[in-house]
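Here is the structure we will look at, set down as structure tokens.
The values are calculated or read from the model by the stated rules, or taken from the named source; none is laboratory data. These numbers were taken from a predicted model, which means no experiment stands behind them. Here the Cβ is made from the backbone with ideal geometry for all residues, glycine too, and neighbour counts use every protein chain on show. Remember, those area values only see protein heavy atoms, side chains included, never the ligands or the DNA or RNA. Shrake-Rupley method; radii C 1.70, N 1.55, O 1.52, S 1.80 Å.
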Amino acid sequence: LACAENGQSFRDLAGGRGVGTFGGSEDHTAILDCEAGTMSLYQYAPTVFKARAAWPKDWDLVVSFSGVRAEKTGAALEEYNLASRRASLAVSAYNDLNGTAHRVLGDIEKETRGTSASRWLGKLAGRKAEDRKLDLPGRVRQFLLEERSTTPKAFQALLWRDARAFGGALSLSHHASRRLLWNIVPEIDFLQRSAVRLGAAGATGFGAGFGGSIFALVEAGRSEGFVRAWREQYSRRYPERAAEASFFVTRPGPGIRVWDESGPVRFVDLLFG
């Protein structure tokens, strides 16, 4: 499904133009393979299931759609694709410097695991003008931060039921996206900061950015009051956006389900048994 979108080849299926958006497999995997009441951990490129953990009953996710629609067509398409383009350029530059043939940043992370990245990132920083303008070292740092720190710490905090540590990982991920991916709009950043001020354990924008949505981790029992206060602060700061914004409380849900003769089943299980 992701390759149909981004045009890359998949096994024996030759790639083409796709629809022009250089997205990954995260949305597709979540829509198909999520299980209610759990958080799943996946590796991507290729997509590989790693682990699942039960979602704590005393944690709520409060989601806000900012009212800023993330455009992915026309002039906005190049900006949307920039994060993927920067990653590809960083991989190419690393291969040029080291005589390797890696495909994705994950390959480089595995090769350099246990060593400091500062030396070869310094070499990336000194390359041609376009590379310096696109801050390829910053793009790599964001990836390494997620791979080596933010995601493992968040999953460990989930296993330990440590809401403060989990929320801290969410906020760290958000700040790195704003600083290094350049995909956080002011409205989403305001929602992140106001969520933490209102007592959320942490919050982060999610998806490809450039608008869209954010979720905050809130103790169950406080969520409804939190929603009212969060919406009120956003309405005062961005009244024109608030007219289209939405706020709701949720928890991890299931993937797509269909009905067969025995009742509702996950679509992915119906396909693959």
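Picking from residues in region 242-273 that are over 25 Å from D27 (Cα atoms) and in contact (Cβ under 8 Å) with a residue 40 or more places away in the chain, the one that is most open to solvent (accessible area, probe 1.4 Å) is A243. The criterion of being open to solvent by less than 20 Å² (accessible area, probe 1.4 Å), out of contact with any Leu (no Cβ under 8 Å at 6 or more places or on another chain) and within 24 Å of A165 (Cβ to Cβ) holds for S223. Inspect region 119-134 for any residue being assigned to a helix (DSSP H, G or I) and within 17 Å of the chain's Cα centre (by Cα) and give the result as yes or no. No, there is no match, as no residue in region 119-134 is assigned to a helix (DSSP H, G or I) and within 17 Å of the chain's Cα centre (by Cα). Checking L121 against (1) out of contact with any Pro (no Cβ under 7 Å at 6 or more places or on another chain); (2) open to solvent by less than 50 Å² (accessible area, probe 1.4 Å): exactly one of these is not met. Which one? Result: L121 passes all but (1).
Among strands (runs of 3 or more DSSP E) entirely within region 1-116, having at least 1 residues that are open to solvent by less than 40 Å² (accessible area, probe 1.4 Å) and more than 24 Å from L159 (Cβ to Cβ) singles out 59-65. Any residue at all in region 26-46 that is out of contact with any helix residue (DSSP H, G or I) (no Cβ under 9 Å at 6 or more places or on another chain), under 18 Å from R251 (Cα atoms), among the hydroxyl-bearing types (S, T, Y) and modelled with pLDDT of 85 or more? Checked region 26-46: at least one residue is out of contact with any helix residue (DSSP H, G or I) (no Cβ under 9 Å at 6 or more places or on another chain), under 18 Å from R251 (Cα atoms), among the hydroxyl-bearing types (S, T, Y) and modelled with pLDDT of 85 or more.
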